[in-house]
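The values are calculated or read from the model by the stated rules, or taken from the named source; none is laboratory data. Please read these numbers as outputs of a predicted model, since none were measured by experiment. Don't worry about glycine lacking a Cβ; one is built from the backbone with ideal geometry, like all the others, and counts go over all protein chains shown.
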Number of protein chains: 2
Amino acid sequence: MASHGFWLMGAENASGNGSQSPNTPRAWCQAAAQKFSGGIGSKLCALLNVGEAEKTAQAPVKPEDGSTSESCGCNKPCNCSKDTVCFSDLYSTDLLPALNGDAKTMNFLQEVVDIMLAYIAESFDRSTKVIDFHYPNELLQRNNWELSDDPETLDEILISCRATLKYAIKTAHPRYFNQLSTGLDMVGLAADWLTSTANTNMFTYEVAPVFVLLEYVTLKKMREIIGWQDGRGDGIFSPGGAISNMYAMLLARYKMFPEVKDKGMSSVPRLVAFTSEHSHFSIKKGAAALGIGTESVICIKADERGKMIPSDLERRVIEAKQKGFVPFFVSATAGTTVYGAFDPLIAIADICKKHDIWMHVDGAWGGSLLMSRKHRWKLNGVERANSMTWNPHKMIASYVRHYKSAVQSEGGLMQGCNQMQACYLFQQDKHYDLSYDTGDKALQCGRHVDIFKLWLMWRAKGTIGFEAQIDKCLELSEYLYNKIKDREGYEMVFDGKPQHTNVCFWYLPPGVRYLEDKVEKMKRLHKVAPVIKARMMEYGTTMVSYQPQGDKVNFFRMVISNPAATFADIDFLLEEIERLGQDL
Amino acid sequence: MASHGFWLMGAENASGNGSQSPNTPRAWCQAAAQKFSGGIGSKLCALLNVGEAEKTAQAPVKPEDGSTSESCGCNKPCNCSKDTVCFSDLYSTDLLPALNGDAKTMNFLQEVVDIMLAYIAESFDRSTKVIDFHYPNELLQRNNWELSDDPETLDEILISCRATLKYAIKTAHPRYFNQLSTGLDMVGLAADWLTSTANTNMFTYEVAPVFVLLEYVTLKKMREIIGWQDGRGDGIFSPGGAISNMYAMLLARYKMFPEVKDKGMSSVPRLVAFTSEHSHFSIKKGAAALGIGTESVICIKADERGKMIPSDLERRVIEAKQKGFVPFFVSATAGTTVYGAFDPLIAIADICKKHDIWMHVDGAWGGSLLMSRKHRWKLNGVERANSMTWNPHKMIASYVRHYKSAVQSEGGLMQGCNQMQACYLFQQDKHYDLSYDTGDKALQCGRHVDIFKLWLMWRAKGTIGFEAQIDKCLELSEYLYNKIKDREGYEMVFDGKPQHTNVCFWYLPPGVRYLEDKVEKMKRLHKVAPVIKARMMEYGTTMVSYQPQGDKVNFFRMVISNPAATFADIDFLLEEIERLGQDL
C-alpha cells in the first residue's frame, strides 16, 4: 500500500469551529508522524477529512509538504495519489466478488484501515478533542448523509468514512468519562474486526463452530468465578444488560409456573418482583414487556449509600403475600448505576431462601469486581443467587460497544423456557453433538457473535490482567474522592469512600457557594452541572455525566473504566469543571 | 509494514485432515500472490496458521522461498521476521494506551489486518473449502482454547486469530448456501470495522451523533419504500427479526390496552394473535415471553405454496371472538423461512381492518423485495400494515452477522410503550434537541450501532444497486428451478416458480428412486439429505440446508442471497449432491 505522504486535504477546516485544542490537526499530524518509523507515520496522516467533500471534489488540495504525491491522473478530481488505485473511478461493484476484484478490494480495505489507524492514534492523544460537537440540525447540514438511487464512487465512500469518524465521539480518549464503559482495548478491537470478517452467527455449531466452543469455555469460566460449584449452570450472551435482566425474570417465572409459557399470565396468580429504588430501569422495563406490569415491581428502600435495606425487603415480601400476591423474583444490584452501590447479597439471599423466591443479581456494572481479589468481597453471597447478569464490557473489557452481557442461571431452564424447536434451524438428525446448538435457548433467532472479543482479551491479559485494570480504576476513583471530599466548592452526594468507581459530587461555583436562601441555592445548583457539561462538549475537552436522584438536584457522576485514564486526567477534570463553572 | 514474503508456517498442516480442495493452501497462496502487485501479494501469504501453535513455538519454520526473512532475534522462538516488531516479546499491556505504544499498536493491528485480508481473498476462491469441519470434541483438542490467569504474548494472540479463522465457516464463499443470509460485502465489512473502531452506543445523540442521524435518515427512507405516506411513522433497529417481531406484538398490545404496561396481563381480557402455520417460530416465542402464551397464537392454514389462507384467518378470528377472546394481532409473513411464500397482504389487510386488529408484516426475509421494481408486487398491501419487520442484511446487505433488523410502526407508540425515563441516561435539561435521544424507545438500554453498515452500503450501491442484487438472486433461483423441475431424480416440494429465492426439492438417489414400497421409500428419502449434508461438510465443498415440513420428509432448501454466486455454482451444487448421494 503506497503511503499518502503528508497530503492533508482541507486540514484547516478539519479542526472544526471553536476548537480549543492546543494543537491543530496539522500540527498533531506532523508530531505524530515523527514518532513512527516504517511507513506508519505517513499512514497516520490520512487525517480525518470532513464535510468539505464537495470542496475537495471540485479542487483537490495539493500536498503541503512538497512531496511528489499528485492526483492519480484519472479524469475526475479525486483523493488518490498517482501510485495508488484511483477510487474516484471505482464503485463497490468493482470489488470482490467481481472478476479481478482482489487487488482493488485489498487496496480499498487497506485505505479504510489507514483511516481507522489514524483515528485510533488520535483518540489516545490528549491534545485532541474528545468530541467535535455540533447540534443535530447543524450536523445534518455539514455533510450529505442522504440515501439515493444511484451509487457513489469508492472515493466518496472513503470521504463518508472520514466524516463519520470526525464527528464521532472519541470513546477511547483518556478524558472521556461519560458512560459506565469507556476506553478502547486494542486486542478487543482486533478481535471485533476479526469477528466482522468471520461474519457468522451463533445459531448453531454448524455455522459458528469455534465461537460456540469459545462461548462455552468462557461462560463456564465466569460461572466458576461467580462461585457456582464446578462452574455448573447455564448461560448465554445477550444483546445487553437490560435483556439479560429480562431473561432472568423469564427464567424465574418459568421455574415457578412453567405453564405460563403456553397459557400466558392469565393462568397464574398475580406475581410480584422486588428490587431497590436505586436499581436499573430495565427491571421495570422487563416487567412491562413480560406482561407482569411495572406496578408489580415493588421498589425497596435504599440506605443513604444506595444499598437495598434487607428489612424493608422482608417487610414488603410479607405484605405482598398477605395481599395474596406471589413474590417470584428479587433483583439485587451489584453496582448501582448512579451511586455504584452493592446491595447486601448475603442478607438478601437469606430472605429469598426463607420465602422461596428466585434471587437474581444484576451485576451488569459491578460484576467485574469478582475478578479482583481486593474487591470481590463486595459481592459476597452472589454464589447463592439463582441467576446473575454480568456485562464484562463495562469494566474489564473497557469496551463501550456491543452491549454484550452474560446472563447465567441454574442449569437446564433456559432451553425449556425459550425453545420452540423449529425444525428448519435445529434439525435433530445432524451428524454432530447437538448439545452445542445453543440457539434455541435465546429469545433471538440469529444471535450476534459477541464472544470472541472477550475471549481474546482474556487470553491476552489473563485474569490477573483484568484484575490489575479493575484495581487501577478503583484506585483512581479513590484518588478523586480524597481530592474533593474536603476541597472548597465541592460537596459529596454521600459520605464515605466509593465502593465502585462512581464518585458523585456537586461543584458549587463561587456565585452559588455562599447563597443563604436554601431554595434559591438548590435551584441555582440544579443548573450548574448541565451548563458545565454543555460547555465541556462545545470545547470538546472532556465529558462527564450528571443527573438528579430522588430529591437531590443535578450532581456530577464520575465513573472510571477507561484504562487510559491517569491521575493527571482526574486533576484535569477538576480544573476543567472549575474553569468552565467559575462564572456561574 | 514489512511484508512477510512467502514464509508459510506449518503450511502442510494448515490444509487440515481429509482436504479435498484442488489446491493446497501453499499452492493457493503462491497463485494468489502472483495476481497482485504493490506488496498486496505478500500480505496474502500470511496464510492461516493453525493449531500447530505448540509446534511452531518450539521450532519456527524457515522461509521456503529462499527470502531473507529470519527470526527476529528475540530470545524466544517466534513468528516474527527481523524487520518487524517481535510479538513474542510483547503483551497487550505494551499497546496503547501504554507510553510509546503507538508504533507497536499500529504494527499489531496491521498484522491482524493482514490475516483478515488473506482470509477474505481465500474466501472468494472457489478452490478453497467452505468449511474445515471438525467435530466439537476434536476441535476442542486441536487448539488451546482455555482461559488462564496469566497473559499470553501478542504472538500467541495472533496464532489464536489465525486458528479461529481457519476453523470458521466461510460465509462469503460463493458455494455457501446454508443460511438465508450469506455473502460478505466489502463496503459493509469496511463499515463494520469502522463501527467497531468508533466504539460507541446508540443511547443518545450525545454519544452517537452521526449514527443517530444516519439511523433517522435510513429508517425514514425505508418507510418511504414501504409506502407509508411521507415516510411517517416510527422505527428502530433491533438485534434481530425475532426481537423486531416481539416489538410489534408489544406495540399492538400497548395500543389496544395501554394499561398493560403498568398493570400487566391480568388487567386485560384474554388476547389472541394469528399467524400462518408456516410463519417463523419467533411469533410463538414472543408470545411466550410477553406473557400471552403460545396457545394464544392461532396458526392459520397455509395453501400448498405456503401462503396464509385468508378465509381461514377470518373464520378463526370470528371463532375467537365468539369464545370471548380479543384478537389483537395478525402477523402476515412476507417470505416464509422454508418455502419463501408471501402471504396475501391485501386480503389480510381487509380482514384486519374489518375486525380492527393490528396488522404486522414479518418481512424479515422477504422485505427486501420492496426494492425491486420487478418483484415488489409480491408485497402489495404492506403499506396498509401497522408495523413491519425488515432485515436488510438477509438479502440486500448480504451480510450474515449482526442480526440487525428494522421494526417500523405507526408513529408515537414506541416511546410510550417502552419508555421508563431514567433520568441518569435521558436528562431532560441537555442543550440539544432531545427528540434525537432514541434510547428510551428500545427494550435494551445500550443498543449496538447497526446502522453504519447498511447506510454505507446503500450509499455505495444506491437503491438500484440493491435492486440489481435482488433481481440477480431471484434469477439464479429460477435457473435452479428450471434445471431440476423435470430432471431425473429430483422432485419439487411444491409446484411453480419460486416467489423468493427458496427452492425446495428432494434428491432421490438411484437406490431410492425406484422403490415401490412408499413407506420404505419415504423412510429412506428422509435420511438422504442429512447424509449428503454431512458429507458436504466433511469434504467442505458446499453447504445447503434441509429440513422436514409438516408431513413431508427431509428436503433440501436452497436459498440464494450471496452476490458471489453464479450459474456455475448452481450447477456445481447439483453435481455435488449427485456425487455425494449416488450410493444412498
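A few remarks follow.
- On the stretch given as region B:129-139, residues that are touching a residue at least 60 places away in the same chain (Cβ under 8 Å) and farther than 18 Å from B:K533 by Cα total 0.
- The listed residue being in contact with a helix residue (DSSP H, G or I) (Cβ under 6 Å, 6 or more places away or on another chain), closer than 30 Å to B:L379 by Cβ, surrounded by fewer than 24 Cβ atoms within 10 Å (Cβ to Cβ) and among the hydroxyl-bearing types (S, T, Y), out of B:T218, B:T153: B:T218
- Elements of type helices (runs of 4 or more DSSP H) contained in region A:99-171, each with 2 or more residues being closer than 26 Å to A:A565 by Cα: A:102-123, A:154-166
- Hits in region B:392-424 (condition: among the small types (G, A, S), modelled with pLDDT of 70 or more and in a loop (DSSP other than H, G, I, E, B)): B:G411, B:G412, B:A422
- Residue satisfying all of: in region B:490-514; β-branched (V, I, T) and closer than 21 Å to B:A341 by Cα; surrounded by the fewest Cβ atoms within 10 Å (Cβ to Cβ) among these: B:V493
- Hey, B:E277 within 22 Å of B:G306 (Cα to Cα) and either of a type in the set (D, E, K, R) or surrounded by fewer than 24 Cβ atoms within 10 Å (Cβ to Cβ) (or both) or not: yes
- Among residues of region A:479-535 being β-branched (V, I, T) and in contact with a helix residue (DSSP H, G or I) (Cβ under 9 Å, 6 or more places away or on another chain), the one that is nearest to the other protein chains (Cβ to nearest Cβ) is A:V531.
- Selected residue (criterion: surrounded by the most Cβ atoms within 10 Å (Cβ to Cβ)) from residues of region B:89-98 that are in a loop (DSSP other than H, G, I, E, B) and more than 8 Å from chain A (Cβ to nearest Cβ): B:L90
- With respect to being part of a helix (DSSP H, G or I), facing chain B (nearest Cβ under 9 Å) and surrounded by fewer than 19 Cβ atoms within 10 Å (Cβ to Cβ), A:A460 falls outside the description.
- Every residue from region A:496-514 that is farther than 13 Å from A:I577 by Cβ, out of contact with any Ser or Thr (no Cβ under 6 Å at 6 or more places or on another chain) and assigned to a loop (DSSP other than H, G, I, E, B): A:G496, A:K497, A:Q499, A:H500, A:N502, A:Y514
- Residue within region A:515-532 that is of a type in the set (A, V, I, L, M, F, W, C), assigned to a helix (DSSP H, G or I) and surrounded by fewer than 17 Cβ atoms within 10 Å (Cβ to Cβ) present: yes
- Per the listing B:L474, B:L425, B:L443, the residue uniquely of a type in the set (A, V, I, L, M, F, W, C) and more than 9 Å from chain A (Cβ to nearest Cβ) is B:L474.
- Residues of region B:281-293 that are more than 7 Å from chain A (Cβ to nearest Cβ) and closer than 24 Å to B:D303 by Cα: B:I283 alone.
- Residue match in region B:236-253 (condition: in a helix (DSSP H, G or I) and among the basic types (K, R)): yes
- Screening B:A332, B:A320 for residues that are within 24 Å of B:A242 (Cβ to Cβ) and either in contact (Cβ under 8 Å) with a residue 60 or more places away in the chain or of a type in the set (A, V, I, L, M, F, W, C) (or both) leaves exactly one candidate, B:A332.
- Residue match in region B:174-190 (condition: more than 7 Å from chain A (Cβ to nearest Cβ), more than 24 Å from A:D102 (Cβ to Cβ) and over 26 Å from the mean Cα position of the chain (by Cα)): no
- In this structure, B:K301 does not qualify as of a type in the set (K, R) and either within 13 Å of chain A (Cβ to nearest Cβ) or touching a strand residue (DSSP E or B) at 6+ places or on another chain (Cβ under 7 Å) (or both).
- Sole residue being among the hydrophobic types (A, V, I, L, M, F, W, C), assigned by TED's automatic domain parsing to the domain that holds A:V382 and in contact with a Ser or Thr (Cβ under 7 Å, 6 or more places away or on another chain), chosen from A:I283, A:I318: A:I283
- If only residues of region A:262-274 that are facing chain B (nearest Cβ under 7 Å) and not polar (S, T, N, Q) are counted, the one that is farthest from B:I283 (Cα to Cα) is A:R270.
- Scanning region A:231-261 for residues that are of a type in the set (V, I, T) and more than 8 Å from chain B (Cβ to nearest Cβ) returns a single hit, A:I236.
- Residues in region A:347-391 that are free of Cβ contacts under 8 Å to residues at least 24 places away in the same chain and either touching a Ser or Thr at 6+ places or on another chain (Cβ under 8 Å) or closer than 20 Å to A:K221 by Cβ (or both): A:R376 only.
- Among (1) more than 27 Å from the chain's Cα centre (by Cα); (2) at pLDDT 95 or above; (3) in a helix (DSSP H, G or I), the one test that B:A288 misses: (1)
- Test for A:Y254: is it more than 25 Å from B:G188 (Cβ to Cβ) and surrounded by 24 or more Cβ atoms within 10 Å (Cβ to Cβ): no
- Residues of region B:191-207 satisfying the condition of being touching an Asp or Glu at 6+ places or on another chain (Cβ under 9 Å) and either within 7 Å of chain A (Cβ to nearest Cβ) or modelled with pLDDT under 90 (or both): B:D192, B:W193, B:S196, B:T197, B:N199, B:M202, B:F203, B:T204, B:Y205, B:E206
- Those residues of region A:542-571 which are surrounded by 23 or more Cβ atoms within 10 Å (Cβ to Cβ), of a type in the set (A, V, I, L, M), within 12 Å of chain B (Cβ to nearest Cβ) and not in a strand (DSSP E or B), in sequence order: A:V559, A:A565
- Taken over region A:283-296, residues that are closer than 15 Å to B:Q421 by Cβ and touching a strand residue (DSSP E or B) at 6+ places or on another chain (Cβ under 8 Å) amount to 2.
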